[in-house]
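Report on the following structure.
The values are calculated or read from the model by the stated rules, or taken from the named source; none is laboratory data. All figures in this text were calculated on a predicted structure; none of them were measured in a lab. All Cβ positions, glycine included, derive from the backbone under ideal geometry; neighbour counts span all protein chains shown.
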């Protein structure tokens with residue numbers, strides 16, 4: 001069952017609302033000498049983590065959000081790369097931190113609250129690694145503040161909302177749900193992990209949630225229907241049109257998002273840029289301008305895209321995930337869409353496997369019935385030269401598909417095969 005966290009009006013500082021335990025977390029940060037320091041945070045999805053994410057900017061503390069799905073050596077190396085000088089976390093987190101976080105902080109008389117300046121760093125996290133090694137991204141107060149406020153305005157969120165929080169809090173999508181709550185004051189239904197049954201039950205009592213497509217697929221597979229939901233944000237990967245249709249038939253008002261860690265999360269909802277942000281195209285790549293970009297100016301992304309006649313942004317895929325075969329560049333996304341439409345194929349991921357003769361050859365990971373696919377409807381250049389049937393498409397630690405990693409791993413034994 002989730003923790004139901006109801007915010008109260010903030011007694012001081014830039015947030016409008018404080019979730020339970022914020023004053024206690026603020027006092028703990030000062031008592032531990034963490035004010036003004038960068039802290040490697042090995043925190044799980046607990047009420048204490050929610051309170052810390054809101055309290056940290058008020059103490060000048062910069063938490064480095066570390067992914068629990070990684071091993072200890074990797075986590076400690078990432079903390080060091082982000083400049084952390086101390087490690088704090090829950091005892092069952094693989095980081096193995098020196099300072100132990102409780103499950104929750106009790107409310108207490110808060111120490112003096114610090115007002116962050118626009119360019120102050122307030123959090124750091126690592127990119128998903130879909131195009132190489134994860135790298136640290138430092139988020140500044142103006143980015144968090146504007147990103148949270150713009151989403152609240154675009155989604156019409158307020159005190160009467162109940163948000164089902166089932167994305168990891170060490171991921172930008174999970175953390176932003178907390179910071180939005182500090183702006184809008186809605187109740188946060190915090191899940192300790194994504195359990196399809198528990199989340200499905202909780203959604204009967206919620207008005208909104210954020211999901212990745214895999215979570216959405218698992219929820220609607222149970223045959224449930226939800227009538228209280230007003231907003232279901234889906235991002236992190238391309239949303240299959242059939243999956244979106246089935247979700248809407250189940251009462252889920254699905255809205256697609258385009259989000260970037262470097263820009264404090266959501267940039268577009270249903271192709272529309274958030275208030276205060278602008279998106280254009282330069283050389284085929286999407287660019288973002290506004291207060292949530294790293295330097296407040298134009299930020300050129302690694303995503304290919306276009307803007308239609310109505311001004312809506314359409315993301316076409318990663319610029320650096322093209323497969324180069326014999327000098328020809330091949331986009332994997334249209335091949336994947338074609339494969340998913342074939343009988344017996346429920347999911348597909350196309351990537352380039354290194355090849356001595358061609359540079360790369362097109363290969364595919366497939367989820368489905370396991371028979372040989374009929375590829376005659378694809379152009380010859382697009383046809384996968386090999387494929388593997390798996391129980392589910394392997395993903396990065398953040399739940400995203402890394403085509404670079406999948407291509408390199410194609411010929412090795414696959415977990416779940």
Count of the stretch 8-29 residues which are surrounded by fewer than 16 Cβ atoms within 10 Å (Cβ to Cβ) and closer than 13 Å to residue 111 by Cα: 2
Does residue 170 fit the bill of being out of contact with any helix residue (DSSP H, G or I) (no Cβ under 6 Å at 6 or more places or on another chain), touching a residue at least 40 places away in the same chain (Cβ under 8 Å) and crowded, with 18+ Cβ neighbours inside 10 Å? yes
For the stretch 173-185: of the residues being farther than 12 Å from residue 123 by Cβ and more than 9 Å from the chain's Cα centre (by Cα), which is surrounded by the most Cβ atoms within 10 Å (Cβ to Cβ)? 181
Condition (residue is in a helix (DSSP H, G or I) and either touching a strand residue (DSSP E or B) at 6+ places or on another chain (Cβ under 8 Å) or free of Cβ contacts under 8 Å to residues at least 12 places away in the same chain (or both)) applied to the stretch 4-25: is it met by at least one residue? no
Taking the options 247, 228, name whichever one is exposed (fewer than 15 other Cβ atoms within 10 Å of the Cβ) and either under 14 Å from the mean Cα position of the chain (by Cα) or on the phi < 0 side of the Ramachandran plot (or both). 228
Could you please give the count of residues in the stretch 292-329 that are in the same structural domain as residue 350 (by TED's automatic domain parsing), out of contact with any helix residue (DSSP H, G or I) (no Cβ under 9 Å at 6 or more places or on another chain) and part of a loop (DSSP other than H, G, I, E, B)? 1
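Each row is one residue, and each column tells you yes or no for (1) closer than 16 Å to residue 170 by Cα; (2) outside any strand (DSSP E or B); (3) touching a residue at least 24 places away in the same chain (Cβ under 8 Å).
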{"position": "33", "(1), (2), (3)": "no, yes, no"}
{"position": "45", "(1), (2), (3)": "yes, yes, yes"}
{"position": "51", "(1), (2), (3)": "yes, yes, yes"}
{"position": "54", "(1), (2), (3)": "yes, yes, yes"}
{"position": "58", "(1), (2), (3)": "no, yes, yes"}
{"position": "63", "(1), (2), (3)": "yes, no, yes"}
{"position": "73", "(1), (2), (3)": "no, yes, no"}
{"position": "76", "(1), (2), (3)": "yes, yes, yes"}
